[in-house]
Amino acid sequence: MPTAPLRIALLSYRGNPQCGGQGIYVRRVSRELAALGHRVDVWSGPPYPELDPGVVLRPVPSLDLWNERQLFRMPSLAELRDPIHLSEWISTLTGGFPEPRTFTRRVLREYRALPAADRYDVVHDNQSLGSGLPPLRAWVPVVATIHHPITVDRDIALAAARTRIKRLGLRRWYGFIAMQKRVAGQLDRITTVSRAAADDIARDFGIDRRCIQVVENGVDLALFRPRPEVVRRADRLITTVSADTPLKGFSFLLEAFAALRRERPELTLTVVGRNGHASTEKKLRHLGLNGSVRFTGRITDDELVCAYAESTIAVVPSLYEGFGLPAAEAMACGVPVVSTRAGALPEVVGLDGSAGVLVPAGESASLARPIADLLDAPERCSTMGLAGRARVASLFTWRRAAERLTDIYRELIAERSRAC
C-alpha cells in the first residue's frame, strides 16, 4: 500500500475542546495525523478549536448564534443576504439546531471554489453528518466518525422531560437526526469509537454493522499521568459530567453522594464543569449538599490532571457513553474508577474489575456501595489505579487511532482509484 503523506481535511462544525469529547477528538487526532507526516487542515465552525503546531485551522464562519456572550443575536441585513445564513437564522428562531447542516453546506460551497491543486485526498467529518457532505464525493472520498448515535441523547432527554411543551421543543431541536441518518448511509466510510457505539449506530441509523469500522479514542499519556508530588485526599470524589445533561446521570451521583455523606460527613465532590442549571441548585439544596460540592468551571488540562491527582475516586455515572473519555483519562492518571455499565464504558474500564468497578446505570444505591467499599480500602485503590493506567497505555492512544485512520483512508483512496 502507498505510504506517501496524505492531504486530509478534518471537519468539525464546532471545535472547542471545552465543549466535550468531540473537540478533544479533533485536536488529538489532527496532532497525531500530522505527526505521521500528513498535511492536516481542520475546517471548523465557531467556537474554533485549539490546535497543535503542524495543524492548520481553516475557519468556516457561521452566525455563531449559540455564543454565550451573544446568545441568539440579531444578524445584520448583510449577513441575512447569504442564503445559508438566512436558513440558519430561521431554523434557530423556530427551535431547531441547524449547525450540522449549514456548516457542511458552507464547506461544500468553499470546496467547490478550491483550485484543483488545493484539494484533498480525503475528507474526514467529525459527526456533523450534514447534507453538504454527499455532494463532496464528486471530488473526494468522505469518511465520517460517529461517536454515538444522537438518537440516544434525544431519547434520554425526552424521558427526562416533564411537560408536553418541553418534549415538543426537544423533538424540534433534535430534528437534525433525520438528516444525519440519511447522510450517514451515503458516505464512503463510517468509523466509530467503540463496539457498543457501532452496534447502536447500526440499529438506530440502519447501517450494516459490517460496514462500520471501530477506531477507539486515545488518551494523551504525557498529559494525563499520575502526579506523585500532589497529595491525594482520602475523602474526595471527582466527576467530569455536565450538571444539566440527563445523559450524564449527574442526579444519580448526587443522590449517592448524599447517602455516603450520612456516614462520611467529610466527603466532598469535585465536578469538573460549571453549575449553570436551576434544577441542579434545587437538588443540592434538597439533599443538603451546599458547600460539599465544588464546580470548577472551565479549567486547563493541567488543572484537570491536578484535580484527578487530589481525588480518591473518579465516578462516571453516565446513562450512556459512546466511548467514555472521562473514565479513560482518570485511569491514565492512576485514579480508581467507579463507572456505570452504560454504552461503551465496560470496553474502557474492563470487565475483570482490576481497573475499575462497573455498576448498573441509573441507580444511586448501586453507585454508593462500591464507592464506600473503595473509600475503606486505600491499598485496593492504589492497585486499581496502577492497573487502570496500564490498561489505557496498552489499548487507548491517539497514535494508535491515527495509524488506524490512515489505513482506512488509504484503503478508501485505493478503492476509488480502482473504480476509476
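The values are calculated or read from the model by the stated rules, or taken from the named source; none is laboratory data. Note that the structure is a prediction, hence the values are computed from the model and not measured. Cβ: placed from backbone, ideal geometry, glycine included. Neighbour counts: every protein chain shown.
A few points about this structure:
- Within the stretch 116-146, considering residues that are assigned to a helix (DSSP H, G or I), farther than 22 Å from Arg209 by Cβ and not hydrophobic (A, V, I, L, M, F, W, C), the one modelled with the lowest pLDDT: Asp118
- Residues located in the stretch 18-61, provided they are among the hydroxyl-bearing types (Ser, Thr, Tyr), crowded, with 22+ Cβ neighbours inside 10 Å and in contact with a Gly (Cβ under 7 Å, 6 or more places away or on another chain): Ser44
- Qualifying residue in the stretch 203-219 (condition: without any contact (Cβ under 8 Å) to a residue 12 or more places away in the chain, in contact with a strand residue (DSSP E or B) (Cβ under 8 Å, 6 or more places away or on another chain) and surrounded by fewer than 20 Cβ atoms within 10 Å (Cβ to Cβ)): no
- Residue that is assigned to a loop (DSSP other than H, G, I, E, B) and farther than 26 Å from Ala157 by Cβ, where the choices are Gly297, Gly291, Gly273: Gly291
- Residues of the stretch 147-172 that are within 22 Å of Ala202 (Cβ to Cβ) and outside any helix (DSSP H, G or I): His147, His148, Pro149, Ile150.
- When each of Glu329, Glu310 is tested for being buried (at least 21 other Cβ atoms within 10 Å of the Cβ), in contact (Cβ under 8 Å) with a residue 60 or more places away in the chain and not aliphatic (A, V, I, L, M), the lone residue that passes is Glu329.
- Criterion (of a type in the set (A, V, I, L, M), modelled with pLDDT of 95 or more, closer than 25 Å to Gly334 by Cα and part of a helix (DSSP H, G or I)) met by exactly one of Ala222, Ala202, Ala178, Ala256: Ala256
- Sole residue being surrounded by 20 or more Cβ atoms within 10 Å (Cβ to Cβ) and either over 23 Å from Asp235 (Cβ atoms) or free of Cβ contacts under 8 Å to residues at least 24 places away in the same chain (or both), chosen from Leu351, Leu358, Leu367: Leu358
- Put simply, of Leu284, Leu319, Leu304 the only residue that is in contact with a Phe, Trp or Tyr (Cβ under 9 Å, 6 or more places away or on another chain) and over 20 Å from Ala355 (Cβ atoms) is Leu319.
- Candidates Arg14, Arg58, Arg31: the one that is assigned to a strand (DSSP E or B) and of a type outside the set (Asp, Glu) is Arg58.
- Inspection of the stretch 20-28 finds a residue satisfying the criterion of being of a type in the set (Lys, Arg) and in a helix (DSSP H, G or I).
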